[in-house]
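Read through the structure below, which is laid out as structure tokens, and then see the notes.
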DNA sequence: GTCTATATTAGGATAGAC
DNA sequence: GTCTATCCTAATATAGAC
């Protein structure tokens, strides 16, 4: 029996409130993990943000690992603007729009960058998530570049798979530099420059 | 009075041995921090690697912060092949050679990637180091691209400063993906492809 | 210079009252 | 569902013997 099914019978009952509380906690945890990472952030930190006791959080998330996984899911569903596979309007608009959106949401880039690198360690609870994510991103953008190639918009010598991995890498790396020194780096502008070098100009 | 000055009077005395021990510890700490990050790695972990007690390490490095700073210095002076400002032989050879060297040294890329992202937090002991490092890298590579521009090797529309930041970003991002899924990403090949897109071919 | 013993703090997690 | 009290573990760091 899912939460949704119960919700149909009791729309404004205790379950709705519980789901709200859950989301409040996850939002707070996102802040904390963005600032100090998964290892550096504590239940107590999250509890301080939401104004609850540390042990009360354990009622919603029995382990810290559960909390992190909820944060990662929250990032994908609530925080990020991603519209699934980046193919509809073309990879260029999609990427540029998302990159501009990202810099406007405080903590969003930080959360992603911090957790991704922490997850390099195979025993990190976020490892599988990020391995899959990078794989999906590369596959999706490779598809996008192939679509452009079929329109003759790819410059000669450009490999769609290499370009896909490079686009993801460039984006991540730019965001890291931006976090270290905002004002020194313009993420969307640099991504636009990359597309200019890889694609033929639209007439 | 510096260690070197003392070393001249007592070349194989206790100071030489102490320096050796110090380097052994720093090397071990590099491993530990590479695997679990600065926050996730402990004095005990390092002590286990070198085969000493945890408290003995404190004789060489009074605080964990001191140990990290020693690791960062060690990385620059011993581990990495960097030949200062990348101008002599040209930015292309320099970057490609270094990127190939990096993937051959176990833990080197991991150490760098993990610590860089952890250092986003301004109160992280490595923060200042990485802010300076990114700034220096951008400045150095911008210089390298400008040198190429003066030879007419830069494609029209390519901004040396944007290209410099992008090169650093691309490199870092590729290394991150490589750590997550080695075999899926070829770092030197992708960097070479980037140069191909930004520079005019050599005759 | 290296050790044991220990202080101190903090983190994740459990038990159980209300 | 929220709390207090508590356990257990681990981490940084200190004191002091040898």
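The values are calculated or read from the model by the stated rules, or taken from the named source; none is laboratory data. From a predicted model like this one, the values you see are computed outputs, not experimental measurements. Glycine also receives a Cβ, built like all others from the backbone with ideal geometry; neighbour counts cover every protein chain displayed.
Tabulated results
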item	result
The range B:113-165: number of residues that are within 9 Å of chain A (Cβ to nearest Cβ) and touching a strand residue (DSSP E or B) at 6+ places or on another chain (Cβ under 6 Å)	1
Residue ranges of helices (runs of 4 or more DSSP H) in the range A:127-203 with at least 3 members within 24 Å of residue B:133 (Cβ to Cβ)	A:160-180, A:187-198
Every pair of residues 6+ apart whose Cβ atoms lie under 6 Å, when the first sits in the range A:38-61 and is touching a residue at least 60 places away in the same chain (Cβ under 8 Å) while the second is within 11 Å of DNA strand D (Cβ to nearest atom) and part of a helix (DSSP H, G or I)	A:39/B:39; A:39/B:40
Number of positions in the range A:29-45 that are away from DNA strand C (no atom under 13 Å from the Cβ) and either within 14 Å of another protein chain (Cβ to nearest Cβ) or surrounded by fewer than 22 Cβ atoms within 10 Å (Cβ to Cβ) (or both)	2
Some residue of the range A:77-87 being within 14 Å of another protein chain (Cβ to nearest Cβ) and under 22 Å from residue A:19 (Cβ atoms)	no
Hey, residue B:95 within 27 Å of residue B:199 (Cβ to Cβ) and in contact (Cβ under 8 Å) with a residue 40 or more places away in the chain or not	yes
Top-ranked residue in the range A:46-67 [being away from chain B (no Cβ under 14 Å) and near DNA strand C (Cβ under 7 Å from one of its atoms); ranked as surrounded by the most Cβ atoms within 10 Å (Cβ to Cβ)]	A:58
Residue match in the range B:79-92 (condition: modelled with pLDDT of 95 or more and assigned by TED's automatic domain parsing to the domain that holds residue B:136)	yes
Qualifying residue in the range A:12-27 (condition: away from DNA strand D (no atom under 12 Å from the Cβ), more than 30 Å from residue A:168 (Cα to Cα) and modelled with pLDDT under 95)	yes
Qualifying helices (runs of 4 or more DSSP H) (wholly inside the range B:47-120; at least 2 residues being within 16 Å of DNA strand D (Cβ to nearest atom))	B:54-60, B:64-74, B:108-118
Matching residues, the range B:176-203, being touching a residue at least 12 places away in the same chain (Cβ under 8 Å) and facing chain A (nearest Cβ under 8 Å)	B:176, B:179, B:190, B:194, B:197, B:198
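Rundown of residues vs (1) closer than 30 Å to residue A:111 by Cα; (2) surrounded by 19 or more Cβ atoms within 10 Å (Cβ to Cβ), yes/no style:
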residue	(1), (2)
B:76	yes, no
B:89	no, no
B:96	no, no
B:105	yes, no
B:108	yes, yes
B:123	yes, no
B:128	yes, no
B:141	yes, yes
B:145	no, yes
